[in-house]
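Encoded as structure tokens, the structure appears first; notes follow it.
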Amino acid sequence: MGSVNRITLVGNLGQKPEIRATADGKPVGNFSLATNHSYTKASGEKTESVEWHRVVVWGSLAETCGKYLDTGSTVYVEGRMTYREWKDKEGKEQFSAEVIADDVQFLSKSKAKAADAAAESAA
């Protein structure tokens, strides 16, 4: 049996996606996505934690996200986890965990309608 690397998230964007092009002109973008987890401590106190996820989108999906998503937008993201390491300008080791998105669905009402209309007109 093979292995599986899939992640599914539903959350809110921390800021508008940053969209740029690679050296060969391929669109790539990234955004931070907040997910919440509510739980009750042993003491009975209810609490909530927030996890931040770095999401990377490529190609036409990056362009669509850049056009229709904004700070606070609610999205469904499906993709795979990847981990990168590199040395910064000072030579320090840096690490990053990222979700490489295969699918992003817009759940915020106004943005979802706009994206659906754009998809229909492109078809």
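Specify the residue that is surrounded by the most Cβ atoms within 10 Å (Cβ to Cβ); the eligible residues are those in the stretch 63-104 that are farther than 28 Å from Val4 by Cα and touching a Pro at 6+ places or on another chain (Cβ under 8 Å).
Only one residue tops the list, namely Leu69.
May I ask you to verify whether Arg84 is among the basic types (Lys, Arg) and under 13 Å from the mean Cα position of the chain (by Cα)?
Working: among the basic types (Lys, Arg): yes; under 13 Å from the mean Cα position of the chain (by Cα): no.
Considered against the rule, which asks whether it is among the basic types (Lys, Arg) and under 13 Å from the mean Cα position of the chain (by Cα), Arg84 comes out as no.
Please verify whether Gly79 is of a type in the set (Gly, Ala, Ser), in a strand (DSSP E or B) and in contact (Cβ under 8 Å) with a residue 60 or more places away in the chain, treating the condition exactly as stated.
yes
Going through the stretch 36-56 one residue at a time, which ones are in contact with a Phe, Trp or Tyr (Cβ under 8 Å, 6 or more places away or on another chain) and open to solvent by less than 30 Å² (accessible area, probe 1.4 Å)?
Val55
Quick check on Ser60: is it among the hydroxyl-bearing types (Ser, Thr, Tyr) and open to solvent by 50 Å² or more (accessible area, probe 1.4 Å)?
Spelling it out, Ser60 is indeed among the hydroxyl-bearing types (Ser, Thr, Tyr) and open to solvent by 50 Å² or more (accessible area, probe 1.4 Å).
Within the stretch 1-17, can you find the residues that are assigned to a strand (DSSP E or B) and either without any contact (Cβ under 8 Å) to a residue 40 or more places away in the chain or buried (at least 17 other Cβ atoms within 10 Å of the Cβ) (or both)? Break it down into steps so the answer makes sense when it comes.
Of all residues in the stretch 1-17, those assigned to a strand (DSSP E or B) come to 7-13.
Those that are assigned to a strand (DSSP E or B) and either without any contact (Cβ under 8 Å) to a residue 40 or more places away in the chain or buried (at least 17 other Cβ atoms within 10 Å of the Cβ) (or both): Leu9, Gly11, Asn12, Leu13.
Within the stretch 46-67, track down each residue that is within 14 Å of Gln15 (Cβ to Cβ) and among the acidic types (Asp, Glu).
Result: no residue meets the conditions.
Which numbered condition trips up Ser32, out of (1) in contact with a Gly (Cβ under 6 Å, 6 or more places away or on another chain); (2) of a type in the set (Ser, Thr, Tyr); (3) over 22 Å from Phe95 (Cβ atoms)?
(3)
Look through Thr71, Thr64 and report the one residue that is within 20 Å of Lys109 (Cβ to Cβ), of a type outside the set (Asp, Glu) and assigned to a loop (DSSP other than H, G, I, E, B). Please lay out each step first, then the result.
Numbers: Thr64 fails: assigned to a loop (DSSP other than H, G, I, E, B).
Just a single option satisfies the conditions, and that option is Thr71.
Looking at Ser43, Ser38, Ser49 in this structure, which one is farther than 20 Å from Arg84 by Cα, hydroxyl-bearing (Ser, Thr, Tyr) and in a loop (DSSP other than H, G, I, E, B)?
Going through Ser43, Ser38, Ser49 in turn, just one is farther than 20 Å from Arg84 by Cα, hydroxyl-bearing (Ser, Thr, Tyr) and in a loop (DSSP other than H, G, I, E, B): Ser43.
The values are calculated or read from the model by the stated rules, or taken from the named source; none is laboratory data. Remember, predicted model here, so these are calculated numbers, not experimental data. We place every Cβ from the backbone using ideal geometry, glycine too, and count neighbours over all the protein chains shown. The accessibility values were calculated without ligands, DNA or RNA, using every heavy atom of the protein model including side chains. Shrake-Rupley method; radii C 1.70, N 1.55, O 1.52, S 1.80 Å.
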